[in-house]
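**Q** Structure provided below as structure tokens; questions to follow.
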Amino acid sequence: MGALAGTADRELVGLVESAIAGDELAFARIVSALHEQVYSIAMVVCRERTMAEEAESSTWSKVWRKLGSVRDADRLRPWVVSIAFNEAKQVLRRRRRWFRHEVVPEPAEAPGGVDPATGVPGIDLRLAVQELDPDDRALLTMRYVLGFDSTELSTATGPTPSGVRSRLERPLARLRQELE
């Protein structure tokens, strides 16, 4: 995943200069390339589709306005994801609501269904992750879903790469304890 992400990041670097110059098509290609990652982070933090969509929309608006401030185009992806993370937290703060979600197991693939007990660990993990702080959920998503390495996590969240690795240990330890 890291090599693939690196290739995609290099392709985005060329688009950044064009988008900074006002090329809307280049910006649309950046949005297209990073849309799923921005939405994933927003959804992890907000846990509700309409709030995640609101956060995503405000993210792209802010990215367009601040694109000229990007110092290193190689770090566009973590920069955009960090904006998405902050925008999602803002939406969550504005709404001040907590949502409970029903966890629905994957549909059975074979006639007669799958033994319900086989899906329990996945459901337990999803429920345990939902109980984490939004910052921890976002950090775990960036690392394990989006495939950020410690350098990209550092760019997106602020601490040094070694600080990020240490910070990851807290929610991982909590998840391990919760799942035992």
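The values are calculated or read from the model by the stated rules, or taken from the named source; none is laboratory data. These numbers come from a predicted model, not from an experiment. With ideal geometry, Cβ positions are generated from the backbone for all residues, glycine too; neighbour counts draw on all protein chains shown. Just so you know, the surface numbers come from the protein's heavy atoms only, side chains and all, with ligands and any DNA or RNA stripped out. Shrake-Rupley method; radii C 1.70, N 1.55, O 1.52, S 1.80 Å.
**Q** For a quick check of your reading of the model, give me the residue pairs whose first member lies in the stretch 49-61 and is closer than 17 Å to A138 by Cβ, whose second is modelled with pLDDT under 90 and aromatic (F, W, Y), with beta-carbon atoms closer than 7 Å and at least 6 apart or on different chains.
**A** No pair meets every condition.
**Q** Please enumerate the residues belonging to the stretch 44-84 that are of a type in the set (G, A, S), modelled with pLDDT of 90 or more and surrounded by fewer than 20 Cβ atoms within 10 Å (Cβ to Cβ).
**A** Scanning the stretch 44-84 gives S57, S58, S61.
**Q** Looking only at residues that are open to solvent by 50 Å² or more (accessible area, probe 1.4 Å) and within 18 Å of L92 (Cβ to Cβ) in the stretch 1-43, which one is modelled with the highest pLDDT?
**A** Among them, the one singled out is Y39.
**Q** Checking E87 against (1) free of Cβ contacts under 8 Å to residues at least 60 places away in the same chain; (2) among the charged types (D, E, K, R); (3) open to solvent by 30 Å² or more (accessible area, probe 1.4 Å): exactly one of these is not met. Which one?
**A** The one condition E87 does not meet is (3).
**Q** Give me the residue from the stretch 90-109 that is open to solvent by less than 90 Å² (accessible area, probe 1.4 Å) and outside any loop (DSSP other than H, G, I, E, B) and, out of that set, modelled with the lowest pLDDT.
**A** R95
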